[in-house]
Amino acid sequence: MTVSEGEKIPTGIPGLNDVLGGGLPRKGIYLVQGNPGVGKTTLGLQFLLEGQALGEQGLYVALTETRREVELIARSHGWSLDDLPIWEITPAFKRIRREDEQTMFHPAEVELDETTRPIFEEIDRVKPARVVIDSLSEIRLLSREPLRYRRQLLLLKQFFLERECTVLLIDSQGFAGRDSGGILETLIGGLIVLEKTTPAYGTTRRRLMVDKLLGVSFREGYHDYQIKRGGLVVYPRLVAAEHPKAFSREQVSSAVPELDDLLGGGLERGTSTLILGAAGTGKSSLASQYAVAAARRGEKSVLFTFEESVGTWMARASALWPDAESHLRSGTIRVVHVDPAELSPGELSSCIREAVEKQQVQMVVIDSLNGYLQSVPEESFLILHLHELLTYLGQKGVTTILNMAQYGLLGPTMDVPVDVSYLSDCVLLLRFFEAAGEVRQSISAVKKRSGRHERTIREFQLDTHGIRVGGPLKESYGVLTGMPSYRGGEGPLLPSRE
């Protein structure tokens, strides 16, 4: 398969084409830069194998690793390199004098021409459309001095342009720009930087950035990625402005009339709701009530739980709603357990996008933001990321529910780890209060941006029939202060269902 002049060629890396604006421009020379362990070799192999799948000949030039090491990396991903030509530098070393074979030698002892000439000959023999050179550090060392290195780079560039190859040059980030004086960056058509960080606890986090791409509009900034079996998977940074969609702004019912009355008729489609409360006040159950109500209307929901396993959610939901298990089996409700030590914010956004765009999900629940915060390195980054995510979901007409636990259980001081209330369209507050020697729960709507809501405080209760919301607590005072007083009788505030 041939690609016409000016067309972009796919990289074979999920998500990277979106970052690059469709792929890499044909006949360009691009630098892939990063420290050891970021996946540079894997990226290069994916690029060549994608070309092979499209009928384009490829060539892998191994200057640092041996053929066996390259094949070992490929096997770890389940790839076969039987049809991919690999040229390795080993034959050049065989020309070293016999007496030197028993000693340790530096790569600079090998003449540069003896290394590059066979590469050019192999390229002319194979006639590849895609070439990966791994890595430039060997050519830099063999060049010995900057002037010769610059000449060699110019020679490589001219050689590849004449043969209309698309080339990936792999280089270690520690060397790039330091020994060359920035020569390399001025000669290439694009630069992709791969990075990794290791937190105090949890898996290594990886991200990439397209630092340069001549004549092409691309998505700037950092993008999370993972190295999985099968290669790199990139999670493009979410840009809400790229995903507008028209939808009907109708009310979303909870199927609990008193709760809908509290919210002036219900939530609005395309809005976000923050549920605040101490541990045990019923935040997860309240969010699940909306998901079950949506499932009964035939709408799909997905719940991302950070603290609760799928089994725990199922056990609690079955006790409140007998039909919860059937909704889970049918797929109208999907529960995804998220490990904040393993999942990056970019991957979570990608999972949410897939649920919305491919599975037509109309409600998203994140339970809770406390766990979500642990997967984000900085509080300011959480605010920006959450703002973009909520804007995207709102533009798609998705109803979003966010749970956040407040510190402490009782008392006047109920802090939150980070204030995101201003990002939400609606805020519900759940609190404990004491009445006649019994701990009870209350619910109030403290904000609703899209319309009117009650200013009352109502009792909130969970039983075997689901969620119950009572009338206004007119005989209780100071419920929201954490120091309530009750001036009513000792009877139940909510009448029995029987």
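Which of the strands (runs of 3 or more DSSP E) found entirely inside region 379-462 contain at least 1 residues meeting this: surrounded by 23 or more Cβ atoms within 10 Å (Cβ to Cβ) and in contact with a His (Cβ under 7 Å, 6 or more places away or on another chain)? Spell out the reasoning first.
Values: elements: 399-405, 426-435, 438-448.
Per the criteria, no element qualifies.
Can you tell me which residues in region 109-135 are at pLDDT 90 or above and aliphatic (A, V, I, L, M)?
119, 123, 126, 129, 131, 132, 133
Sort out for me the helices (runs of 4 or more DSSP H) sitting completely within region 282-364 that have 1 or more residues that are free of Cβ contacts under 8 Å to residues at least 40 places away in the same chain, of a type outside the set (Gly, Ala, Ser) and closer than 27 Å to residue 439 by Cβ.
The qualifying helices (runs of 4 or more DSSP H) are 310-320.
Every residue, every condition in (1) more than 22 Å from residue 395 (Cα to Cα); (2) part of a loop (DSSP other than H, G, I, E, B), yes or no:
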residue: 224; (1), (2): yes, no
residue: 232; (1), (2): yes, no
residue: 237; (1), (2): no, yes
residue: 246; (1), (2): no, yes
residue: 258; (1), (2): yes, no
residue: 264; (1), (2): yes, yes
residue: 280; (1), (2): yes, yes
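The rows are residues; the columns are (1) over 38 Å from the mean Cα position of the chain (by Cα); (2) charged (D, E, K, R); (3) modelled with pLDDT of 90 or more.
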| residue | (1), (2), (3) |
| --- | --- |
| 444 | no, no, yes |
| 470 | yes, no, yes |
| 486 | yes, no, no |
| 495 | yes, no, no |
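With surrounded by fewer than 18 Cβ atoms within 10 Å (Cβ to Cβ) and within 24 Å of residue 385 (Cβ to Cβ) as the only criterion, which of 246, 241, 255 stands out?
On the way: 246 fails: within 24 Å of residue 385 (Cβ to Cβ); 255 fails: within 24 Å of residue 385 (Cβ to Cβ).
After applying the criteria, what remains is 241.
Can you give me the number of residues within region 463-474 that are surrounded by 14 or more Cβ atoms within 10 Å (Cβ to Cβ) and not in a loop (DSSP other than H, G, I, E, B)?
At the first step, the residues of region 463-474 found to be surrounded by 14 or more Cβ atoms within 10 Å (Cβ to Cβ) are 466-470, 472-473.
Still in the running and not in a loop (DSSP other than H, G, I, E, B): 466-470, 472.
The number of residues fulfilling the criteria is 6.
Name, by its number, the condition in (1) of a type in the set (Lys, Arg); (2) in contact (Cβ under 8 Å) with a residue 24 or more places away in the chain; (3) more than 28 Å from residue 351 (Cβ to Cβ) that does not hold for residue 68.
Condition not satisfied by residue 68: (2).
Looking at region 43-55 only, could you name the residues that are surrounded by fewer than 18 Cβ atoms within 10 Å (Cβ to Cβ) and either within 23 Å of residue 195 (Cα to Cα) or more than 29 Å from the chain's Cα centre (by Cα) (or both)?
55
Of all residues in region 278-301, which are surrounded by 20 or more Cβ atoms within 10 Å (Cβ to Cβ) and closer than 10 Å to residue 332 by Cβ?
Those that are surrounded by 20 or more Cβ atoms within 10 Å (Cβ to Cβ) and closer than 10 Å to residue 332 by Cβ: 291, 292, 294, 295, 300, 301.
Of a type in the set (S, T, N, Q) and buried (at least 20 other Cβ atoms within 10 Å of the Cβ): does that describe residue 312? Please lay out each step first, then the result.
On the way: of a type in the set (S, T, N, Q): yes; buried (at least 20 other Cβ atoms within 10 Å of the Cβ): no.
In short, no.
The values are calculated or read from the model by the stated rules, or taken from the named source; none is laboratory data. Because the structure is predicted, anything quoted here is derived from the model rather than measured. For neighbour counting, all protein chains shown are included, and Cβ atoms are generated from backbone atoms with ideal geometry for every residue, glycine included.
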